[in-house]
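Since the structure comes first, as structure tokens, the remarks are kept for the end.
The values are calculated or read from the model by the stated rules, or taken from the named source; none is laboratory data. If you're wondering where the values come from, they're calculated on a predicted model, not measured in any experiment. As a convention, Cβ positions derive from the backbone with ideal geometry for all residues, glycine included, and neighbour counts pool all protein chains shown. For accessibility, only protein heavy atoms count, side chains too; no ligands or nucleic acids. Shrake-Rupley method; radii C 1.70, N 1.55, O 1.52, S 1.80 Å.
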Amino acid sequence: MKALVTGFDAFGGDKVNPSSMAVGRLKRRMGGLVIHTATLPTSYARSAIALRSAIHDVRPDIVLCVGLAGGRSELSLERVAINVQDARIRDNDGKQPIDRPVVRDGPAAYFATLPIKACVAELRKAGLPAAVSNSAGTFVCNHVFYALMDMAGRHDLAFRGGFLHIPYLPEQAAGFGGEPSMAADDIVRGIEIVLSVSAARTRDVRTAEARLS
Ligand code: PCA
């Protein structure tokens, strides 16, 4: 089984993005799961193209996109991607769309197809603060999440997909004051837990389907 895990490059004046840093530190293999990684540009115009090309190269069974949500205190597994671009700040191409769709005439929203509740339960059991989130915002992370689920939904690519928002690193939060943070090792461990729960569930579903056919 193969997983594709993506992070984003730095944006909005930050020097690093903990998402690409953590994704770069993932194990290359976990049991029967081979892990491929990529960094996406924080750009409305370029991010989904980069994601699509990584999916075509890897042909993954599981896709987990990871992004920074500064100000959040927990690992947040997103439930829903909405068909909206509404940027509070400029992206890395200087673009700031307001009230635009991700996909013209696309459905209003897509749900994640990773087992988000089981992942959150396992993260908490491992001592990591985690929750299901009902909004991935309307910036580039939501855009990529929507594009991901649109690829799965409309083009019938057989992967399960989802999005994880992570807090600031302690060294970033130290610069701001008053912001919650999470250590890089915990973020890496959290991503690996999400991947192993998702792989186990995907394996179970496939075994059940094989029995029925
Ligand atoms: N976070 C931004 C985009 C890139 C990232 O890491 C977001 O939440 O939309």
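Taking all protein chains into account, the per residue accessible area for the chain stands at 46 Å² (1.4 Å probe). Apolar share of the accessible surface for segment 45-112: 48 percent from carbon plus sulfur atoms, 1.4 Å probe. For the pair residue 103 and residue 158, a Förster radius of 30 Å applied to the C-beta separation gives a FRET efficiency near 0.90, rounded to the nearest 0.05.
What fraction of the DSSP beta bridges in segment 1-103 is antiparallel, stated in percent and rounded to the nearest 5? Within segment 1-103, antiparallel bridges account for around 20 percent of the total.
Given the options 71, 44, 58, identify the residue whose Cα lies farthest towards the positive end of the charge dipole of the chain (+1 on Cβ of Lys, Arg; -1 on Cβ of Asp, Glu). Of the candidates, 58 comes out farthest on the positive side.
Remark on residue 37: its backbone amide H falls under 5 Å from those of 5, a criterion applied only to residues 5 or more positions apart or on other chains, H modelled at 1.01 Å from N.
Sorting 30-38, 114-122, 58-66 by their mean Cβ neighbour count within 10 Å, with the most densely packed peptide first, gives 58-66, 114-122, 30-38. In the chain, the DSSP-assigned H stretches of four residues or longer account for a calculated mean residue ellipticity at 222 nm of -12500 deg cm²/dmol, using -39500 (n - 2.57) per stretch and the full residue count as denominator.
Most simply put, the chain has about 25% antiparallel DSSP beta bridges, counting only bridges with both residues inside it. Gyration tensor analysis over the Cα atoms of the chain returns equivalent ellipsoid semi-axes of 25, 22, 15 Å (largest first, whole Å). Taking a straight line from the alpha carbon of residue 117, these aspartates and glutamates sit under 13 Å away, with near neighbours fewer than eight places off in the same chain left out: 78.
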